[in-house]
Amino acid sequence: MRKYSILLLALSLSAVAQSPVDEVMYSSGKIYVVVAVLVIIFTLLAAYLVRLDKKITALEKKNEA
Amino acid sequence: MTVSYIMRKYWWKILAILFVTYGIIGGFLMPAPDNIGILGKTIRNLNFHVPMWFTMIILLFISLIYSLMYLASGDLKKDSMSSSMVKVAMLFGLMGLATGSFWARFTWGTWWIEDAKLNGAAIAMLIYTAYYILRNSIEDEIKRAKFSSVYNLFAFPIYIVLIIVYPRMAETSLHPASGDTVGFSTLDLDNNLRKVFYLSGLGWILMGVWLSTLKYRLTELKRKNEEI
């Protein structure tokens, strides 16, 4: 859990600071924000799939034993 | 290097995630022919709508191979793989229909229109819906596997005819690469679409295969637990 809270802290800090990331995100009518949102959704979905895959692998191993 | 070994490997799943992510980013941000008639920027839907159908076709083809393998060996695992592929293929088909319909609304001005490509795709979906009705109506495991495998052998050629051959033979169509229309490949003069589309398509196909194998592994686990 600590691992995740540090990550969250880092994310929230970078959101406040004026950074080159902000420059990109505000340009081209903010289209990059949409791209980032889709990337976030897909990344989390993919991560969930990986977890599911691992759980099934574990079940399979338990079944074989 | 057996199938069940590769199925549990991660490298191709990572590739799937990377390619689809590339497709999402590239689909929005790459240069593309953004000014062709009614299409406008929706030409970028090519990277998302078309891979749904590619994935469906590939999954159904693999399903066909597994049906043949079942009929040759009598190994119920092959039938289980075959039906898992069809199930995920149907999901991709539904996503293809839904995205296509939405795209049509804002280019052709209607959610649905009587068109060889659209009606062909809709009937093709019904053919695999019948596959499920057939499967669920048979209690006996072996009988179910045999019936649905044989049905699958007939379903696939009809599916291909409905989704590709018949729309091409039609006199007119609104859908690209059907009837009297050209495909997007002729619009992509400087190959900008291809740079994203090929990898994006491959990524979605791999995602579909991944989902199907998960479905298969879950079904097999369930089957084994019921035996005990």
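The values are calculated or read from the model by the stated rules, or taken from the named source; none is laboratory data. Here the structure is a predicted model, which is why all the values come from computation and not from measurement. A quick note on method: Cβ atoms are made from the backbone with ideal geometry, for glycine too, and the neighbour counts reach across all protein chains shown. In case anyone asks, the SASA skips ligands and DNA or RNA and just uses the protein heavy atoms, side chains included. Shrake-Rupley method; radii C 1.70, N 1.55, O 1.52, S 1.80 Å.
Summary table below
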quantity	calculated
Residue match in segment B:41-53 (condition: touching an Asp or Glu at 6+ places or on another chain (Cβ under 6 Å) and closer than 25 Å to B:G23 by Cα)	yes
Among the candidates B:L202, B:L187, residue that is on the phi < 0 side of the Ramachandran plot, under 15 Å from the mean Cα position of the chain (by Cα), away from every other protein chain (no Cβ under 14 Å) and open to solvent by 30 Å² or more (accessible area, probe 1.4 Å)	B:L202
Per-region count, segment B:1-48, residues surrounded by 19 or more Cβ atoms within 10 Å (Cβ to Cβ), more than 12 Å from chain A (Cβ to nearest Cβ) and either β-branched (V, I, T) or part of a helix (DSSP H, G or I) (or both)	2
Residue within segment B:164-177 that is acidic (D, E), open to solvent by 30 Å² or more (accessible area, probe 1.4 Å), farther than 30 Å from B:P31 by Cβ and modelled with pLDDT under 90 present	yes
Residue check for B:I158: open to solvent by 70 Å² or more (accessible area, probe 1.4 Å) and either away from every other protein chain (no Cβ under 12 Å) or over 17 Å from B:I62 (Cα atoms) (or both)	yes
Among residues of segment A:29-42, those that are over 15 Å from B:R44 (Cα atoms), at the interface with another protein chain (Cβ under 7 Å from one of its Cβ atoms) and among the β-branched types (V, I, T), counted	1
Residue among B:V196, B:V209 that is within 14 Å of chain A (Cβ to nearest Cβ), modelled with pLDDT of 95 or more and open to solvent by less than 60 Å² (accessible area, probe 1.4 Å)	B:V209
Which listed residue, of B:I142, B:I133, is open to solvent by 80 Å² or more (accessible area, probe 1.4 Å), touching a residue at least 40 places away in the same chain (Cβ under 8 Å) and out of contact with any helix residue (DSSP H, G or I) (no Cβ under 7 Å at 6 or more places or on another chain)	B:I142
Options B:A98, B:A72; residue that is farther than 26 Å from B:A170 by Cα, surrounded by fewer than 21 Cβ atoms within 10 Å (Cβ to Cβ), among the small types (G, A, S) and out of contact with any His (no Cβ under 9 Å at 6 or more places or on another chain)	B:A72
Matching residues in segment A:16-65 - criterion: being among the aromatic types (F, W, Y) and open to solvent by 60 Å² or more (accessible area, probe 1.4 Å)	A:Y26, A:Y32, A:Y48
Entirely in segment B:97-171, the helices (runs of 4 or more DSSP H) that have 2 or more residues that are closer than 22 Å to B:Y66 by Cβ	B:116-136, B:141-160
Odd one out for A:A58 among (1) farther than 26 Å from B:F28 by Cα; (2) of a type in the set (A, V, I, L, M, F, W, C); (3) within 9 Å of chain B (Cβ to nearest Cβ)	(3)
